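A.B. asks: Take this structure, written in structure tokens, and hold onto it; I'll ask about it next.
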Amino acid sequence: MNVSTTELKAHLGRYLESVTREPVFIENNGRSTAVIISVEEYQKFVALDDMYWGALAMQAKQEGVYQGDAMQRILDIAQKK
């Protein structure tokens, strides 16, 4: 669903309800500038991001370029998912 910033301001509640069904793309001057998604969708993106970085960390470890505490934290997160 696409909505202008003016329409969003006028009917914010309506669009906040609709994000449970689909993302709301916000247009400013005729071009998409932002998107509103549900908390559930956001959490899915965060989980995918964690898995992506975790996979890269595991690959780095297997290739022998694994180093440091930051990398260990990424691996720990990935293994919990």
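The values are calculated or read from the model by the stated rules, or taken from the named source; none is laboratory data. This is a predicted model, so every value here is computed, not measured. Cβ placement follows ideal geometry from the backbone for every residue including glycine, while neighbour counts extend to all protein chains displayed. Side chains included, ligands, DNA and RNA excluded: accessible areas come from the protein's heavy atoms. Shrake-Rupley method; radii C 1.70, N 1.55, O 1.52, S 1.80 Å.
A.B. asks: Looking at the structure I just gave you, is Y15 open to solvent by 90 Å² or more (accessible area, probe 1.4 Å) and part of a helix (DSSP H, G or I)?
C.D. replies: Criteria not met by Y15.
A.B. asks: Considering only the stretch 22-63, state which residues are of a type outside the set (V, I, T) and open to solvent by less than 60 Å² (accessible area, probe 1.4 Å). Spell out how you get there, then give the answer.
C.D. replies: Going through the stretch 22-63, the residues of a type outside the set (V, I, T) turn out to be 22-23, 25, 27-32, 34, 38, 40-45, 47-63.
Once the filter is applied, which keeps residues that are of a type outside the set (V, I, T) and open to solvent by less than 60 Å² (accessible area, probe 1.4 Å), the stretch 22-63 yields P23, E27, A34, S38, A47, D50, G54, A55, A57, A60.
A.B. asks: Ok, one more. Tell me which of these V3 doesn't satisfy, since it passes every other one: (1) under 15 Å from the mean Cα position of the chain (by Cα); (2) surrounded by 14 or more Cβ atoms within 10 Å (Cβ to Cβ); (3) at pLDDT 95 or above.
C.D. replies: (1)
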